[in-house]
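Following: one structure in structure tokens, then a few remarks.
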Amino acid sequence: MTTEEALAWITELFEEVPGRIGVGTPRGDIPGWDSLGTLTLIAALDERYDIHLSEADIEAMQSVGDILGILRQKGALTNA
């Protein structure tokens with residue numbers, strides 16, 4: 001998956017308007033990224049990419065860039 005595809009997936013996951021979320025968007029700027037949104041993200045990463053997050057990973061996710069970093073680290077994101 002490319003960065004653009006990942007951003008589209010994250011946008012859909014948090015039910016945001018396309019184009020509103022970018023790599024540098026902080027968690028606080030995404031209304032859907034509340035505690036329930038975090039659980040949805042964790043479940044989606046597990047279900048779609050077989051990515052299991054540690055508590056430290058979850059706490060460290062403070063921006064869209066952090067989500068992309070996890071996807072990249074786990075091999076789900078290409079450099080394209």
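Rank these residues by their accessible area, most exposed first, probe 1.4 Å: SER63, SER35, SER54.
In descending accessible area the options line up as SER35, SER54, SER63.
Using modelled amide H (1.01 Å from N, peptide plane; none on Pro or chain starts), what sits under 5 Å from the amide H of SER63, excluding residues fewer than 5 places away?
Residues meeting the amide H criterion: ARG27.
Over the chain, with every protein chain in place, what whole percent of the accessible area is carbon and sulfur at 1.4 Å, could you tell me?
It is 51 percent, rounded to a whole number.
Residue by residue through segment 15-31, what is 3J(HN,Hα) from phi via Karplus (6.51 cos²θ - 1.76 cosθ + 1.60, θ = phi - 60°)? Round to whole Hz and write x for glycine and proline.
3J(HN,Hα) across segment 15-31, in whole Hz: 6, 9, 6, x, x, 7, 9, x, 4, x, 5, x, 3, x, 8, 10, x.
Mind sorting out which of (1) 11.4, 31; (2) 14.3, 47; (3) 13.2, 41 is the real Rg and Dmax of the Cα atoms in Å computed from the coordinates?
Among (1) 11.4, 31; (2) 14.3, 47; (3) 13.2, 41, the one derived from this structure is (1).
Checking understanding here: applying a Kyte-Doolittle mean of at least -0.5 and a length along the axis of at least 18 Å (C-alpha), which whole DSSP H helices in the chain pass?
35-49
The values are calculated or read from the model by the stated rules, or taken from the named source; none is laboratory data. Keep in mind the model is a prediction, meaning the values are calculated, not measured. Remember, those area values only see protein heavy atoms, side chains included, never the ligands or the DNA or RNA. Shrake-Rupley method; radii C 1.70, N 1.55, O 1.52, S 1.80 Å.
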